[in-house]
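Step one of this worksheet: look at the structure below.
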Amino acid sequence: MLELKKEKCTGCGACNNACPIKCINMEEDEEGFLYPQVDFQKCTECGLCEKSCPAINIPVRENFKEPEVYAAWSLDDAVRADSSSGGIFTELSHKVLDDGGYVSGARYNTDNLVEHCLINRREQLHELRQSKYVQSETGLIFKDVKMLLEENKTVMFTGTPCQSAGLLQYLDKKYDNLFLCDIVCHGVNSPMVYLKYFKELEEEYSSRIKTINFRNKRNGWKEFGTSVIFENGEEYFRSHKTDSFFKGFLANLYLRRSCYNCQFKGFPRVSDITLADFWGVVLNNEKEIFKGISLILINSEKGKFYIEKISNNISKMQKTLNDAMLKNPCMVKSVPMSTKRDLMFKALKKEINVENIICSIINY
Ligand SMILES: Cc1cc2nc3c(=O)[nH]c(=O)nc-3n(C[C@H](O)[C@H](O)[C@H](O)COP(=O)(O)OP(=O)(O)OC[C@H]3O[C@@H](n4cnc5c(N)ncnc54)[C@H](O)[C@@H]3O)c2cc1C
């Protein structure tokens, strides 16, 4: 029977995927995050939910103790412009898709929330591209991935480190045809705060949102901003330093509780490849920096194989792990919980404008 403290549960959904009699539902708590709820009337206590939980049974990590580190970017400027950092996710995906494989990753759904999906064509890839700063719902994607793996299809699964760990623990078997690619993760924001914030923007602009892009590079990769396009053709654009939702994210105001004590950081990594922004990269070429630089951690022989396969489509230079960690502490360390987090969620219960709440709490 699944018993897990709220501080530990990542919401990866492995338990929900594993339950053979579908007696687990992922339900929203008062902060807007999904947690498993067991129907004890139906539960047969088979134990598969606990067995699949990566927070209870942390997967054995057999990857490199010290990854190979590269600063890299796609040679395709259009891909790079549309990606958060250097577009390496897209280049890896192209390789997998062109060879007849599948890619799983996070996309926006029709309500602007984020969910995991599976694709097998290049034309669908734009949906997965770009960092989305809210927790993605995994639904029953682990089951779908397993089905494809059993059919000998290659699957590249991408997501946060806890989602990679959830999939591994759920599968409970090694698959040569599974390629895991995660991100360095600061933490995931509350879907409730996110939804309220963007609903308010819709009211302000008197129009529904068409697209959200948190990593617009019009002012360069380092000066990225949030661009929201509305159905009436108008646009909201703010730098990450002035957009209130992003400021609250960077102040750790509304991350999932488990993110403040993440068990999936450090080395060896769970996934074959880890992607991130190479903040602080030293490069004598401001033009390249303006377009965005990815950090690649190669964590396994499989990861090495895939990076070699895309070597004609990317530019890369070897760096040290120290170079990589200098400006990216989230690789190894969880961010601290904001002391104002409780205040934030208490204030949200009152019908006050979310943007005002975030601003006044940050400046409090
Ligand atoms: C919530 C979050 C926090 C992050 N924190 C950091 C950080 O602290 N430091 C850092 O250097 N980089 C961080 N990143 C990673 C970084 O922003 C880029 O995603 C990464 O560099 C890959 O960029 P790309 O240009 O190769 O591909 P892109 O096309 O930009 O990235 C797409 C990839 O991101 C995945 N993805 C997007 N949104 C989500 C989501 N909500 N949940 C799970 N997977 C998602 C997609 O599945 C796909 O694999 C974070 C990303 C996210 C989503």
Q. If a residue has to be part of a helix (DSSP H, G or I) and either in contact (Cβ under 8 Å) with a residue 40 or more places away in the chain or near the ligand (Cβ under 8 Å from one of its atoms) (or both) to count, how many in the range 83-105 make the cut?
A. 9
Q.
Would you confirm whether or not the range 87-94 contains a residue that is over 26 Å from ASP172 (Cα atoms), surrounded by fewer than 19 Cβ atoms within 10 Å (Cβ to Cβ) and among the hydroxyl-bearing types (Ser, Thr, Tyr)?
A. no
Q. Taking interchain pairs and intrachain pairs at least six residues apart, which have beta carbon atoms under 6 angstrom, with the first residue in the range 152-163 and modelled with pLDDT under 95 and the second polar (S, T, N, Q) and in a strand (DSSP E or B)?
A. none
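Checking the condition assigned to a helix (DSSP H, G or I) and not assigned by TED's automatic domain parsing to the domain that holds VAL270, which residue from ASN57, ASN17, ASN25 passes? First the steps, then the outcome.
Numbers: ASN57 fails: assigned to a helix (DSSP H, G or I); ASN25 fails: assigned to a helix (DSSP H, G or I).
The match here is ASN17.
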Q: Please specify each residue of the range 310-325 satisfying the condition of being surrounded by 14 or more Cβ atoms within 10 Å (Cβ to Cβ) and either away from the ligand (no atom under 14 Å from the Cβ) or not polar (S, T, N, Q) (or both).
A: ILE310, ILE314, LYS316, LYS319, LEU321, ASP323, ALA324, MET325
Q: Say whether the condition of being part of a loop (DSSP other than H, G, I, E, B), open to solvent by 70 Å² or more (accessible area, probe 1.4 Å), over 20 Å from TYR170 (Cβ atoms) and not assigned by TED's automatic domain parsing to the domain that holds ASN285 is met by at least one residue in the range 28-37.
A: yes
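So, in the range 59-76, of the ones that are open to solvent by 70 Å² or more (accessible area, probe 1.4 Å) and in contact with a helix residue (DSSP H, G or I) (Cβ under 7 Å, 6 or more places away or on another chain), which residue ends up nearest to ILE310 (Cα to Cα)?
Taking the range 59-76 first, the residues open to solvent by 70 Å² or more (accessible area, probe 1.4 Å) are 60, 62, 65-66, 75.
Filter again for in contact with a helix residue (DSSP H, G or I) (Cβ under 7 Å, 6 or more places away or on another chain), leaving 66, 75.
Numbers: GLU66: 22, LEU75: 11 Å.
Checked the range 59-76; the qualifying residue nearest to ILE310 (Cα to Cα) is LEU75.
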Q | Failed criterion for LYS174 (all others in (1) closer than 29 Å to LEU321 by Cβ; (2) away from the ligand (no atom under 15 Å from the Cβ); (3) surrounded by 15 or more Cβ atoms within 10 Å (Cβ to Cβ); (4) not small (Gly, Ala, Ser) hold) | A | (3)
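Looking only at the range 57-97, which residues are β-branched (Val, Ile, Thr) and modelled with pLDDT of 95 or more? Steps first, answer last, please.
So in the range 57-97, the residues β-branched (Val, Ile, Thr) come out as 58, 60, 69, 79, 88, 90, 96.
Across the range 57-97, the qualifying residues are VAL69, VAL79, ILE88, THR90, VAL96.
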Q. Of all residues in the range 273-309, how many are within 13 Å of the ligand (Cβ to nearest atom), buried (at least 19 other Cβ atoms within 10 Å of the Cβ) and assigned to a loop (DSSP other than H, G, I, E, B)?
A. 4
Q. Between residues in the range 127-147 that are over 21 Å from LEU255 (Cβ atoms) and residues that are at pLDDT 95 or above and open to solvent by 30 Å² or more (accessible area, probe 1.4 Å), which pairs lie under 6 Å by C-beta distance while being six or more apart or on different chains?
A. GLU127/ARG107; LEU128/ARG107; ARG129/ASP82; PHE142/TYR170; ASP144/LEU118
Q: Could you please find all residues in the range 177-189 being more than 10 Å from the ligand (Cβ to nearest atom) and either outside the structural domain of PHE305 (by TED's automatic domain parsing) or surrounded by fewer than 23 Cβ atoms within 10 Å (Cβ to Cβ) (or both)?
A: ASN177, LEU178
Q: Please enumerate the residues belonging to the range 102-151 that are open to solvent by 40 Å² or more (accessible area, probe 1.4 Å), closer than 20 Å to MET26 by Cα, at pLDDT 95 or above and among the hydroxyl-bearing types (Ser, Thr, Tyr).
A: TYR108
Q. Only one residue in ARG215, ARG121, ARG129 is more than 9 Å from the ligand (Cβ to nearest atom) and either out of contact with any Phe, Trp or Tyr (no Cβ under 8 Å at 6 or more places or on another chain) or over 24 Å from ASN17 (Cβ atoms) (or both). Which one?
A. ARG121
Q: Run SER258 past the list (1) open to solvent by 20 Å² or more (accessible area, probe 1.4 Å); (2) more than 20 Å from THR154 (Cβ to Cβ); (3) part of a helix (DSSP H, G or I) and report the number of the one that doesn't hold.
A: (1)
Q) Of all residues in the range 350-359 being free of Cβ contacts under 8 Å to residues at least 60 places away in the same chain and of a type in the set (D, E, K, R), which is least open to solvent (accessible area, probe 1.4 Å)? A) LYS350
**Q.** Of the criteria (1) open to solvent by less than 80 Å² (accessible area, probe 1.4 Å); (2) not assigned by TED's automatic domain parsing to the domain that holds VAL145, which one PHE40 fails
**A.** (1)
Q) Would you call ARG80 near the ligand (Cβ under 9 Å from one of its atoms), in contact with a strand residue (DSSP E or B) (Cβ under 8 Å, 6 or more places away or on another chain) and in a strand (DSSP E or B)? A) no
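The values are calculated or read from the model by the stated rules, or taken from the named source; none is laboratory data. Keep in mind it's a predicted model, so treat the numbers as computed, not measured. Neighbour counts run over all protein chains shown; Cβ positions are idealised from the backbone, glycine included. For the accessible areas, the whole protein counts, side chains as well, though only heavy atoms, and no ligand, DNA or RNA atoms are used. Shrake-Rupley method; radii C 1.70, N 1.55, O 1.52, S 1.80 Å.
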